[in-house]
Amino acid sequence: MVRIIMHGCNGKMGQVITRLAAEDEECQIVAGIDTYQGIENTYPVFDSLEECTVEGDVVIDFSNAGAVDGLLKCCRSRKLPVVLCTTGLSEEQLQRVEEASRETAVLKSANMSLGINLLMRLLQDAAKVLAPAGYDIEIVEKHHNKKVDAPSGTALALADAINETQKPKYVYCFDRSQERRPREKMEIGISAVRGGTIVGEHEVLFAGEDEVIEFKHTAYSKAVFGKGALEAAKFLAGKPAGRYDMSDVISFS
């Protein structure tokens with residue numbers, strides 16, 4: 001049984017993971033960390049990880065960027081593995097993530113969904129065959145109307161996964177409206193759609209002569225990210241210090 005400390009337990013994702021963990025026989029949330037105490041949980045909740053007196057095997061973090069520095073400092077001192085899901089970290093904080101990984105296990109990915117990370121693997125295999133054959137590559141991502149960044153970090157991660165297999169590298173095209181020209185062969189077009197309550201949809205197209213191959217992932221709720229975080233926590237518990245991501249969690253063996 002993997003003992004999890006939920007950092008940001010009373011936030012939306014913290015509560016999603018609390019529900020999912022209660023249904024998982026392989027793990028248990030033994031403590032939570034949150035400055036907001038207005039929700040009753042089945043485990044004790046502390047204001048900070050430093051104040052937590054409950055022993056755990058791994059931390060799952062879904063909090064905010066302002067809380068990450070203290071989290072990393074405490075995880076380093078306790079040699080406590082951490083699944084870092086908080087986004088919007090500064091360059092300085094990303095550097096601290098790398099520094100922390102030298103002393104404890106740290107897992108961080110652009111997207112925690114198992115499906116998205118499997119899709120990245122599949123796209124790499126597809127790109128090795130289709131890109132040399134001259135297929136054009138386009139990515140379309142869709143999110144709710146409250147999302148402020150575009151393109152999404154996941155869309156960029158999908159493009160990066162494709163590009164890892166290519167020499168020379170593709171360039172990314174984000175907006176064709178500013179320049180009237182034919183499409184370049186060595187570019188990946190990335191388009192963003194914002195509307196309604198779309199949780200997240202990513203479509204990758206390989207368009208060739210008289211055929212199109214499409215890869216698509218649709219998230220219907222945030223639970224897919226919570227499920228991925230739990231699988232990551234079970235994977236990370238007991239691992240040696242180092243930097244991990246979701247590709248390490250997914251096994252084809």
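Residues that are closer than 19 Å to G242 by Cα number at least 3 in the following strands (runs of 3 or more DSSP E) confined to segment 1-120: 58-61, 82-84, 105-107.
Table: residues versus (1) open to solvent by less than 60 Å² (accessible area, probe 1.4 Å); (2) free of Cβ contacts under 8 Å to residues at least 12 places away in the same chain.
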residue: V45; (1), (2): yes, no
residue: V54; (1), (2): yes, no
residue: L72; (1), (2): yes, no
residue: R76; (1), (2): no, no
residue: V83; (1), (2): yes, no
residue: G88; (1), (2): no, no
residue: E92; (1), (2): no, yes
residue: E98; (1), (2): no, no
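In segment 163-182, which residue that is of a type in the set (D, E) and closer than 25 Å to L123 by Cβ is least open to solvent (accessible area, probe 1.4 Å)? Here the answer is D175.
Among the residues making up segment 222-253, a single one is polar (S, T, N, Q) and in contact with a helix residue (DSSP H, G or I) (Cβ under 8 Å, 6 or more places away or on another chain): S247.
What is the residue count in segment 211-253 for residues that are of a type outside the set (S, T, Y) and without any contact (Cβ under 8 Å) to a residue 60 or more places away in the chain? Before the answer, list the steps.
Going through segment 211-253, the residues of a type outside the set (S, T, Y) turn out to be 211-217, 219, 222-243, 245-246, 248-250, 252.
Checking which are without any contact (Cβ under 8 Å) to a residue 60 or more places away in the chain leaves us with 211-212, 214, 216.
Qualifying residue count, segment 211-253: 4.
Within the set G115, G32, the sole residue that is open to solvent by 20 Å² or more (accessible area, probe 1.4 Å), of a type outside the set (D, E) and closer than 28 Å to G200 by Cα turns out to be G115.
Among residues belonging to segment 133-151 that are surrounded by 21 or more Cβ atoms within 10 Å (Cβ to Cβ) and not β-branched (V, I, T), point out the one that is nearest to G88 (Cα to Cα). Full working, then the answer.
So the first thing to find is which residues in segment 133-151 are surrounded by 21 or more Cβ atoms within 10 Å (Cβ to Cβ), and the list is 137, 139, 141, 143.
In the following step, the residues that additionally are not β-branched (V, I, T) were identified as 141, 143.
Details: E141: 19, H143: 17 Å.
Step by step, filter segment 133-151, then rank; the result is H143.
From the list G195, G200, the lone residue that is more than 14 Å from T154 (Cα to Cα) and touching a His at 6+ places or on another chain (Cβ under 8 Å) is G195. Among residues of segment 56-68 being in contact (Cβ under 8 Å) with a residue 60 or more places away in the chain and surrounded by fewer than 20 Cβ atoms within 10 Å (Cβ to Cβ), the one that is farthest from S90 (Cα to Cα) is D57. Entry remark, segment 186-203: residues being over 10 Å from I137 (Cβ atoms) and in contact with an Asp or Glu (Cβ under 8 Å, 6 or more places away or on another chain) number 7 in total. For the criterion of being without any contact (Cβ under 8 Å) to a residue 12 or more places away in the chain and assigned to a loop (DSSP other than H, G, I, E, B), D149 passes.
The values are calculated or read from the model by the stated rules, or taken from the named source; none is laboratory data. Being a predicted model, the structure only gives us computed values, none of them experimental. With ideal geometry, Cβ positions are generated from the backbone for all residues, glycine too; neighbour counts draw on all protein chains shown. Keep in mind that these areas ignore ligands, DNA and RNA; they rest on the heavy atoms of the full protein, side chains included. Shrake-Rupley method; radii C 1.70, N 1.55, O 1.52, S 1.80 Å.
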